[in-house]
Amino acid sequence: MNTVVVDNERIAPCKIVCVGRNYVEHIKELNNDMPTSMVLFMKPNSAISDTLMTHGKELHYEGEISFIIKNNKISAVGFGLDLTNRTLQSELKKKGLPWERAKAFDGAGVFSEFVSVSEDDINRLSLKLFINDKLVQVGGVELMIYSPSVVIYEINTFSTLDDGDIVMTGTPKGVGTFKEGDVFRGEIYLDDKRIVHKSWVAVSYA
């Protein structure tokens, strides 16, 4: 089982539950329809990685505020990259087919370490993503269509969240492609205080 680090301890999440189309400006940049209900999909444990790989394809990065679940509540926060084969995803959507081939491949979920966060602080979180020292994504909980608490409630209407599961809450505008050698830096903020940061250099898929 693949693992992530939570407060300096390694755990193995069973699954990743992801929210799609949770920022209005991101919906507009991809010319998607505004959802009438929450868009949710899953990635398996095998998608988890701490290495950013190109996979030999033109992939899109999507920076996301990501949470660890414990006792059915948010317990920790980290920075996540949801990697997407956008061309394949568009083809699948046109045919009305599932997205897993474009979203759930090995290494499609890249994560920083996670740190504990209190329930009172969740709505004060935001993210920044830099690529080659250029700020490409910025956004916070206040811009989400569905807040983290609403996301957790909705997931529980159809699927059990086990301790250690990861919930990815969607990406703000600014997604795009990347190439081998690009340097990523993801950051999570509580108000103006940076509480998580992680850097990756994109490598080719071996």
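Among the listed residues Leu30, Leu88, Leu59, which satisfies the condition of being surrounded by 23 or more Cβ atoms within 10 Å (Cβ to Cβ) and either among the aliphatic types (A, V, I, L, M) or within 17 Å of Ser159 (Cβ to Cβ) (or both)? If you could, list the steps in order and put the result at the bottom.
Values: Leu30 fails: surrounded by 23 or more Cβ atoms within 10 Å (Cβ to Cβ); Leu88 fails: surrounded by 23 or more Cβ atoms within 10 Å (Cβ to Cβ).
From the options Leu30, Leu88, Leu59, the qualifying one is Leu59.
Check Ser112 against each of (1) at pLDDT 95 or above; (2) in contact with a Leu (Cβ under 8 Å, 6 or more places away or on another chain); (3) within 26 Å of Gly181 (Cα to Cα) and name the one condition it does not meet.
(2)
Tell me whether the stretch 70-85 contains one or more residues that are touching a His at 6+ places or on another chain (Cβ under 6 Å) and either in a strand (DSSP E or B) or touching a residue at least 24 places away in the same chain (Cβ under 8 Å) (or both).
In the first step, residues of the stretch 70-85 are kept if they are touching a His at 6+ places or on another chain (Cβ under 6 Å); the result is 84.
Restricting the remaining residues to those that are either in a strand (DSSP E or B) or touching a residue at least 24 places away in the same chain (Cβ under 8 Å) (or both) gives 84.
Taking every residue of the stretch 70-85 in turn, at least one turns out to be touching a His at 6+ places or on another chain (Cβ under 6 Å) and either in a strand (DSSP E or B) or touching a residue at least 24 places away in the same chain (Cβ under 8 Å) (or both).
Of the residues in the stretch 160-206, how many are more than 15 Å from the chain's Cα centre (by Cα) and more than 21 Å from Thr3 (Cα to Cα)?
14
From (1) closer than 19 Å to Tyr189 by Cβ; (2) surrounded by fewer than 20 Cβ atoms within 10 Å (Cβ to Cβ); (3) among the small types (Gly, Ala, Ser), pick out the condition that doesn't hold for Gly96.
Gly96 satisfies all of (1) closer than 19 Å to Tyr189 by Cβ; (2) surrounded by fewer than 20 Cβ atoms within 10 Å (Cβ to Cβ); (3) among the small types (Gly, Ala, Ser) except (1).
Inspect the stretch 148-167 for any residue being in contact with a helix residue (DSSP H, G or I) (Cβ under 9 Å, 6 or more places away or on another chain), under 28 Å from Asp33 (Cα atoms) and in a helix (DSSP H, G or I) and give the result as yes or no.
Checking the stretch 148-167: at least one residue is in contact with a helix residue (DSSP H, G or I) (Cβ under 9 Å, 6 or more places away or on another chain), under 28 Å from Asp33 (Cα atoms) and in a helix (DSSP H, G or I).
Please find, within the stretch 115-171, the residue that is farthest from Tyr189 (Cα to Cα) out of those that are surrounded by fewer than 19 Cβ atoms within 10 Å (Cβ to Cβ) and of a type in the set (Phe, Trp, Tyr).
Phe158
The values are calculated or read from the model by the stated rules, or taken from the named source; none is laboratory data. It should be emphasised that the depicted structure is a prediction, and the values quoted were computed from it without experimental measurement. So basically every Cβ, Gly included, is an ideal-geometry build from the backbone, and we count neighbours across all protein chains shown.
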